[in-house]
Amino acid sequence: MDYDFKSIEKKWQAYWASEKTFKAVTDESKPKFYVLDMFPYPSGAGLHVGHPLGYIASDIFSRYKRLKGFNVLHPMGYDAFGLPAEQYAIQTGQHPEITTTNNINRYRQQLDRIGFSFDWDMEVRTCDSKYYKWTQWAFLKMFDSWYDPSADKARPISELIEKFKTTGYDGITPEKWASATDKEKSDILMNYRIAYQGETAVNWCPQLGTVLANDEVKEGLSVRGGYPVEQKKMTQWQLRVSAYAERLLKGLDTIDWTDSLKEMQRNWIGKSEGTEMVFNTICGDRQMPITIFTTRADTVFGVTFMVLAPESDLVPQLTTPEQKVKVDEYLQYVKKKTERERIAETHTVTGVFSGSYAINPLTGEKVPIWISEYVLAGYGTGAIMAVPAHDSRDYAFAKTFNLPIVPIIEGCDVSQESFDAKEGRMCNSGFLNGLDVKEAIEAAKDYVEAHGLGRRKTNYRLRDAIFSRQRYWGEPFPIYYKDGIPTPIPMDKLPLVLPEITEFKPTEAGEPPLARAKDWTWDGYPLEKSTMPGFAGSSAYYLRYMDPHDDKALVGERENKYWRDVDLYIGGTEHATGHLIYSRFWNKFLYDLGYVCEEEPFKKLINQGMIQGRSNFVYRIVNTNKFVSVGLKDQYQTTEIHVDINLVRNDKLDLEGFKAWRPEFNDAEFILENGEYVCGWAVEKMSKSMFNVVNPDDICDTYGADTLRLYEMFLGPLEQSKPWDTKGIDGVNRFLKRFWRLFDNLSEEKASPEELKVLHKLIGKEQEDIEAFSFNTTISAFMIAVNDLMALKCSKREILEPMVVLLSPFAPHISEELWHMLGHGGSVADASFPEFIPALAAEDVVTYPVQFNGKMRFTVELPKSAPAAEVEAYIREYPQTAKYVGDMKIIKVIVVPGKIVNVVIK
RNA sequence: GCCUUGGUGGUGAAAUGGUAGACACGAGGGACUUAAAAUCCCUUGGACCGAAAGGUCCGUGCGGGUUCGAUUCCCGCCCGAGGCACCA
């Protein structure tokens, strides 16, 4: 009987759906296991073959854990708010909700065909008001909380107000608080709220008409759309992520993520321990201190000038009247530049002298204060001390403007370039002379603190997340403005539903699209017109999956106590500094307030690699309609043309199909190699324009879902990026057919030890490999086992039955069918993982303890046929071995049948 | 520039410091077949010796080191991928 995957897959997918085979129920009697995929944004293009890679891996693991007796939560949903749907709406007038729903339906169809074991009853959609009610709820909780540095956690803002009223706090005395107006009180509290409104330099994208977060901008261009982004000061909602910088950093040590990903987050958080130091200044006849931040307090004797960021508040105060014209000119020049230009011109040095001087607090020396764009306003204090001898940026600046360069580490030649020394001996440095750099840093810090010149200070690069977007298709803020004071709407009135509008552009006045909504007010007061960014909805979705239908809480206490955190999270590395930081922050916040019971949301995280496209080319001879096979193309002058990969199989072109592809190729002629047209190829991004998109539906049509699943895993290690290449797909398909055929002559005979060994070797290997996420080698092991069984002509139930269970995580459809054929009712998902008997799996060797010299004891592994005497003889025969015998503890002799090949010493 | 990765046949790739290249693709040869498809069997890192059985040498980016033994560990280079980048 043939392996008819089409009817098999249809049958079992319908069965799983109707029986709710993969339903996850909170059940304290069983151990839990939570497997999560990063939910997709449902784009109009549908799924390509790269998307399911991670889903297949997580599905295998889920099914495996289920067989191991775990209660598995494996949900799926959609990150459905977002820019593409809105942009499409602006162009076509089609409401984003309609396109989003259509796209979701298409995604669902495609996902279903692959045979995932998702519990669809747990589905969430971020654009569903029942879902975003809880996004808004979390926002209000953040609005209603402050970060208490003494407790190092978030607390209700009411506690802070109480402090203001009674004891006073942070410079706000009870008197001051009592006399403040409502507006002033609101302004004071904004400085403490976790979700707050504040003016800040933002990434403004004029083309998109919205602000963007730092992780949504790359090289001065928006990640979505690639439009230029400029810096602009605006009042925006923000999340005080920076308050959590240290905990976000420390938490990394407690979770099982890849080193590279942790490193990315560490860099993004950017902790740097240094010193804040005060320099006095002389500006005309006024004096004013400026504070700088440095990690190299030891280099203070090498300071020859100071630099301010152009945006620094100190600039106007320190500019002397004589320099004012020049400084203003420079500020204008800097302001005009876009972020992109600033980045592109990284190596051109610009700046202007302020006219003022600073006094080096250690030497009393007078050094000029300059203004330059190479100093950033947003980091440290926006002012630096420049040590040109030992910092390449300061060096370039000093060279350009002819400022002195004083080396303070012995033996540096600074005539050509700076010497960014991290070690060496100090010189020209007063009391630091003779010290090593590392000692000097500490000594300088101590000195500065002891003499009241500054203090130790830790800076983080991580900035607060800008949380408003001037867009329509997102969560509305549950905030209205009562007499200009931002006021939350009552919790029990959530959700605040996104209003209907018909045009999705910003208004002519430049207001966000929500300004077009009719009656966008609350109690007669205007509601906030911005919406929340994409990461709002994705920051707590893993919690909602635990209890998605609860309308009393984001997640019920019982459900949260049971499911706790995500045991395995699989997704792309592109979210390293976005979603994965925000989620951790969001979760820590909820943890502080006691709403969730784990501080870190994702225990283990695996980054699946990307699947790139493999494009094919044909070569047209210039000025003809003749195409030459790749091996012969160098004999002609040719143009390379992308050809639709659906017309190519194993790099051989389907000539008739090609002629029919496009009218201009109708009368194409070909120069063949060995009777075939061989195409060239290249690895490129999978995209429509390169005709290299592979739709999983097509693979399911030709080979079946199980082949697709096996093949994507067989392609190579999960974490690695790799091109999609259908070349090898026949191999796994053949394997499934072979496995199927073993059942043709199913026998009830008792299995031989040899046959049992094949099985148990496989069980051992499967277990080990799946736990290590090495799915490609698992499949290899399966192929070997099946080949072995074929060689043994074994079709015994005793062997095949457990093998069906073993295969079921990888190829669930065929497994279910065979399970059924073996006479079982129900689903193989209810079976349990076969028990492993190590004795049966062991290699065909015996271990002999061998006495040697009457003292030492060696373990020797040999085939049953090899006598121990042979080993002893070997050891005596080889002096190099004998020589080491004296200090060895164990010797392991590895033996190939009949022949000793190596001696292992430990 | 900094950080993180990776570099093994024609291709995708395997190898707790212990027979490098498992498994699969492709290629070549063969069986079955009127033929094709499907299926099955053999060969397949390179160079050499041998009529054959079989054997020898070289081989995991390059150069060193540790080790009885290195794809694996250490040091220094080269190349690729990803991230960060005037962060003081």
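The values are calculated or read from the model by the stated rules, or taken from the named source; none is laboratory data. The model shown is predicted, which means the values in this text are computed figures rather than measured ones. Note that we place each Cβ from the backbone using ideal geometry, even for glycine, and neighbour counts take in every protein chain shown. In case anyone asks, the SASA skips ligands and DNA or RNA and just uses the protein heavy atoms, side chains included. Shrake-Rupley method; radii C 1.70, N 1.55, O 1.52, S 1.80 Å.
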Quick check on the stretch A:294-342: of everything there that is over 21 Å from A:Leu403 (Cβ atoms) and in contact with a Gly (Cβ under 6 Å, 6 or more places away or on another chain), which residue is most open to solvent (accessible area, probe 1.4 Å)?
A:Arg340
Count - residues of the stretch A:712-770 that are more than 8 Å from RNA strand B (Cβ to nearest atom), of a type in the set (D, E, K, R) and assigned to a helix (DSSP H, G or I):
9
Would you please name the residue that is nearest to RNA strand B (Cβ to nearest atom), looking only at residues in the stretch A:368-385 that are in a strand (DSSP E or B) and crowded, with 19+ Cβ neighbours inside 10 Å?
A:Ile384
Going through the stretch A:260-290 in order, the residues found to be out of contact with any Leu (no Cβ under 8 Å at 6 or more places or on another chain), within 15 Å of RNA strand B (Cβ to nearest atom) and open to solvent by 70 Å² or more (accessible area, probe 1.4 Å) are A:Ser260, A:Glu263, A:Met264, A:Asn267, A:Glu273
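One line per residue, one yes/no per condition, for (1) open to solvent by 50 Å² or more (accessible area, probe 1.4 Å); (2) modelled with pLDDT of 95 or more; (3) in a helix (DSSP H, G or I); (4) farther than 26 Å from A:Lys685 by Cβ:
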site: A:Pro548; (1), (2), (3), (4): no, yes, no, yes
site: A:Ala553; (1), (2), (3), (4): no, yes, no, yes
site: A:Asn560; (1), (2), (3), (4): no, yes, yes, yes
site: A:Glu599; (1), (2), (3), (4): yes, yes, no, yes
site: A:Arg620; (1), (2), (3), (4): yes, no, no, no
site: A:Leu632; (1), (2), (3), (4): no, no, yes, yes
site: A:Thr639; (1), (2), (3), (4): yes, no, no, no
site: A:Asn646; (1), (2), (3), (4): yes, no, yes, no
Give the stretch A:489-515 a look and list any residue that's basic (Lys, Arg) and more than 33 Å from the chain's Cα centre (by Cα), or say none.
A:Lys493
State whether one or more residues within the stretch A:577-585 are surrounded by fewer than 23 Cβ atoms within 10 Å (Cβ to Cβ) and in a loop (DSSP other than H, G, I, E, B).
yes
Looking at the stretch A:60-96, which of its residues are on the phi < 0 side of the Ramachandran plot and out of contact with any helix residue (DSSP H, G or I) (no Cβ under 8 Å at 6 or more places or on another chain)?
A:Ser62, A:Lys65, A:Lys68, A:Phe70, A:Asn71, A:Pro84, A:Gln87, A:Ile90, A:Gln91, A:Thr92
What strands (runs of 3 or more DSSP E), lying completely within the stretch A:109-208, carry at least 1 residues that are within 30 Å of A:Phe504 (Cβ to Cβ) and hydroxyl-bearing (Ser, Thr, Tyr)?
A:195-205
Looking at this structure, is A:Phe773 within 11 Å of RNA strand B (Cβ to nearest atom), touching a helix residue (DSSP H, G or I) at 6+ places or on another chain (Cβ under 8 Å), of a type in the set (Phe, Trp, Tyr) and not in a helix (DSSP H, G or I)?
yes
Conditions: (1) farther than 26 Å from A:Ile611 by Cα; (2) open to solvent by less than 70 Å² (accessible area, probe 1.4 Å). A:Gly680 meets all but one. Number of the miss?
(1)
From the residues in the stretch A:496-508 that are open to solvent by less than 50 Å² (accessible area, probe 1.4 Å) and free of Cβ contacts under 8 Å to residues at least 40 places away in the same chain, which one is farthest from A:Leu189 (Cα to Cα)?
A:Ile501
Leading residue by the ranking (most open to solvent (accessible area, probe 1.4 Å)) among those in the stretch A:445-495 that are within 16 Å of RNA strand B (Cβ to nearest atom) and in a helix (DSSP H, G or I)
A:Lys445
I'd like to verify a number: residues in the stretch A:353-367 that are closer than 18 Å to A:Arg286 by Cα and either open to solvent by 10 Å² or more (accessible area, probe 1.4 Å) or of a type in the set (Phe, Trp, Tyr) (or both), how many?
8
Does A:Gly609 count as open to solvent by less than 30 Å² (accessible area, probe 1.4 Å) and in a loop (DSSP other than H, G, I, E, B)?
yes
Which numbered condition A:Thr299 misses (of (1) touching a residue at least 60 places away in the same chain (Cβ under 8 Å); (2) closer than 14 Å to A:Ser372 by Cβ; (3) within 10 Å of RNA strand B (Cβ to nearest atom); (4) of a type outside the set (A, V, I, L, M))
(2)
Cβ pairs under 7 Å, 6+ apart, first in the stretch A:719-746 and in contact (Cβ under 8 Å) with a residue 24 or more places away in the chain, second of a type in the set (Phe, Trp, Tyr) and near RNA strand B (Cβ under 7 Å from one of its atoms):
A:Val732/A:Phe714
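Residue-wise test of (1) open to solvent by less than 10 Å² (accessible area, probe 1.4 Å); (2) closer than 25 Å to A:Phe61 by Cβ; (3) at pLDDT below 95.
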position	(1), (2), (3)
A:Pro696	yes, yes, yes
A:Leu715	no, yes, yes
A:Ile729	yes, yes, yes
A:Phe743	no, no, yes
A:Glu748	no, no, yes
A:Val758	no, yes, yes
A:Lys765	no, yes, yes
A:Glu768	no, yes, yes
A:Glu771	no, yes, yes
Enumeration of residues in the stretch A:521-534 that are part of a loop (DSSP other than H, G, I, E, B) and either touching a Pro at 6+ places or on another chain (Cβ under 6 Å) or open to solvent by less than 30 Å² (accessible area, probe 1.4 Å) (or both):
A:Glu528, A:Lys529, A:Ser530, A:Met532, A:Pro533
Being free of Cβ contacts under 8 Å to residues at least 60 places away in the same chain and open to solvent by less than 100 Å² (accessible area, probe 1.4 Å) is the filter here, so list the residues in the stretch A:1-16 that pass it.
A:Asp4, A:Ser7, A:Ala14
Which one is nearest to RNA strand B (Cβ to nearest atom), of the residues in the stretch A:789-826 that are part of a loop (DSSP other than H, G, I, E, B) and buried (at least 24 other Cβ atoms within 10 Å of the Cβ)?
A:Phe810
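If you scan the stretch A:827-840, which residues turn out to be open to solvent by 30 Å² or more (accessible area, probe 1.4 Å) and assigned to a loop (DSSP other than H, G, I, E, B)?
Hits for the stretch A:827-840 are A:Ser832, A:Glu835, A:Phe836, A:Ile837.
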Of all residues in the stretch A:156-192 being touching a helix residue (DSSP H, G or I) at 6+ places or on another chain (Cβ under 7 Å) and among the β-branched types (Val, Ile, Thr), the one that is surrounded by the most Cβ atoms within 10 Å (Cβ to Cβ):
A:Ile172
Being more than 25 Å from the chain's Cα centre (by Cα) and surrounded by fewer than 24 Cβ atoms within 10 Å (Cβ to Cβ) is the filter here, so list the residues in the stretch A:55-69 that pass it.
A:Leu67, A:Lys68, A:Gly69
Sole residue being within 30 Å of A:Ser150 (Cβ to Cβ) and in contact with a Phe, Trp or Tyr (Cβ under 6 Å, 6 or more places away or on another chain), chosen from A:Ala243, A:Ala297:
A:Ala243
Conditions (1) more than 30 Å from A:Pro52 (Cβ to Cβ); (2) open to solvent by less than 50 Å² (accessible area, probe 1.4 Å); (3) within 41 Å of the chain's Cα centre (by Cα): number failed by A:Phe670
(3)
